[in-house]
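I have placed the structure first, in the form of structure tokens, so that the comments after it can refer back to it.
Derivation of every value follows stated rules applied to the coordinates shown; laboratory data play no part. Owing to the predicted nature of the structure, the values given are computational and were not obtained by experimental measurement. In this analysis, Cβ positions are derived from the backbone assuming ideal geometry, glycine residues included, and neighbour counts consider all displayed protein chains.
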Amino acid sequence: MASPHSIVTLVGSLRKESFTLKIANAMAKLAPASLRLDVTTLHDLSFFNQDLEANPPADWLALREKLQKSSGVLIVTPEYNRSIPGVLKNAIDVASRPYGKSSFLGKPIGIVSNSPGPLGGVSAAKHLQNIMPGISGPIMGQPEIYLNGVGDAFDDKSELTKDSLKAVLLQYLDAFAAFVEKQNR
């Protein structure tokens, strides 16, 4: 079998015990053999400032290089105030520069939103669907995934224990693996 596709999995939350990080880690464990998910937190990413573009900070260059070497990107995000968290928008801004040289270009994109509430972060996912075209490769349209009620999905060791969520994640990962394979032919 060919080596697995490396997938940068951007975590759109900084909270140590965030559901978003737990979901990203669960997806990395559940991923089919054709994918290797590289769970990437954004704790150390400095703020985008166009004044720094002539001599970009090392953390910007590291994120850009990681994305450029990947076969695709999964964005796992909570919803903050009907949108994406600022830290995730900052990462997208850093990675999409310099103008015309986005590190997302040509990369198949998957979007996984989540919430302990009933709507599953659908507004955050929709905002990403508005932000990413023009700076990324194709965005997987089906199946869409808005994970709701995630508050009781993990045990005290952050292990996924909710079977219904596990089934949804497995279905999504299988579809994303096929999407990545198709885009990387």
The residue from Lys107, Lys69 that alone is basic (Lys, Arg), touching a residue at least 40 places away in the same chain (Cβ under 8 Å) and surrounded by 22 or more Cβ atoms within 10 Å (Cβ to Cβ) is Lys107
Checking Gly137 against (1) closer than 22 Å to Gly117 by Cα; (2) out of contact with any Ser or Thr (no Cβ under 9 Å at 6 or more places or on another chain); (3) of a type outside the set (A, V, I, L, M, F, W, C), the condition it does not meet: (1)
Residues of the range 119-142 being of a type in the set (S, T, N, Q) and farther than 20 Å from Gly86 by Cα, in sequence order, are Gln142
Is it true that some residue in the range 142-155 is under 20 Å from Lys69 (Cα atoms) and surrounded by 16 or more Cβ atoms within 10 Å (Cβ to Cβ)? no
Between residues in the range 157-174 that are more than 22 Å from Val73 (Cβ to Cβ) and residues that are outside any helix (DSSP H, G or I) and not hydrophobic (A, V, I, L, M, F, W, C), which pairs lie under 8 Å by C-beta distance while being six or more apart or on different chains? Ser158/Glu17; Thr161/Asp155
Within the range 93-132, count every residue that is assigned to a loop (DSSP other than H, G, I, E, B), over 25 Å from Asp51 (Cα atoms) and among the hydrophobic types (A, V, I, L, M, F, W, C). 1
For residues that are among the basic types (Lys, Arg) and either assigned to a helix (DSSP H, G or I) or in contact with a Cys (Cβ under 9 Å, 6 or more places away or on another chain) (or both), tally how many sit in the range 141-172. 1
Take the range 72-84 and flag every residue that is touching a Ser or Thr at 6+ places or on another chain (Cβ under 6 Å) and either over 15 Å from Met132 (Cβ atoms) or free of Cβ contacts under 8 Å to residues at least 60 places away in the same chain (or both). Pro78, Glu79, Arg82
Considering the range 25-51 alone, what residues qualify as being aliphatic (A, V, I, L, M), in contact (Cβ under 8 Å) with a residue 60 or more places away in the chain and not in a strand (DSSP E or B)? Ala26, Met27, Leu30, Ala31
